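Worksheet for the structure shown next.
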């Protein structure tokens with residue numbers, strides 16, 4: 001392959017939902033980042049719907065819920081990145097609020113992402129995925145960059 005045909009990835013987006021799939025996909029994101037000497041943007045999208053609230057902060061009053069959820073999600077993201085990207089210096093952490101697939105697509109566009117690496121299954125069950133559609137599936141269909149989908153096992 002001629003040198004001009006070599007693909008160079010400068011920024012990798014790694015959306016994380018703290019699932020087992022995210023743990024496995026982090027290995028791929030870090031490996032590819034090292035190979036391409038790319039920056040990694042680790043993104044967690046805080047879903048502020050009532051059904052998701054207990055994932056971050058159980059038994060919290062509504063007055064402080066959003067603030068505490070954002071703080072807790074930021075701490076979880078920092079701990080995740082410290083564990084999975086330890087020693088890699090070109091890592092940026094972002095906690096966003098909104099619908100996960102929309103925030104991921106927005107980050108891809110706004111930050112000129114060259115590759116998105118994400119796990120194939122998050123917290124959704126089979127019935128939820130059938131009616132709602134998984135975040136990963138939506139990102140794969142609509143992303144403006146290649147998306148590497150890492151299966152949970154294998």
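Under the condition of being part of a loop (DSSP other than H, G, I, E, B) and surrounded by fewer than 16 Cβ atoms within 10 Å (Cβ to Cβ), which residue from the stretch 129-144 is modelled with the highest pLDDT? Show your work before the answer.
Pass one, the stretch 129-144, residues part of a loop (DSSP other than H, G, I, E, B): 133-134, 143-144.
After this cut, where a residue has to be surrounded by fewer than 16 Cβ atoms within 10 Å (Cβ to Cβ) as well, the list is 133, 144.
On the way: 133: 47, 144: 96.
Top of the filtered list is 144.
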Q | Failed condition for residue 66, given (1) more than 13 Å from the chain's Cα centre (by Cα); (2) surrounded by 13 or more Cβ atoms within 10 Å (Cβ to Cβ); (3) at pLDDT 95 or above | A | (3)
Q: Could you please let me know if residue 113 is surrounded by 20 or more Cβ atoms within 10 Å (Cβ to Cβ) and either under 25 Å from residue 39 (Cβ atoms) or at pLDDT 95 or above (or both)?
A: yes
Q) Within the stretch 104-118, can you find the residues that are in contact (Cβ under 8 Å) with a residue 24 or more places away in the chain and farther than 18 Å from residue 27 by Cα? A) 104, 105, 107, 108, 109, 111, 112, 113
Q: State whether the residues of the stretch 75-94 include one that is modelled with pLDDT under 95 and buried (at least 19 other Cβ atoms within 10 Å of the Cβ).
A: no
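The values are calculated or read from the model by the stated rules, or taken from the named source; none is laboratory data. Just so you know, these numbers come straight off a predicted model, no measurement behind them. All Cβ positions, glycine included, derive from the backbone under ideal geometry; neighbour counts span all protein chains shown.
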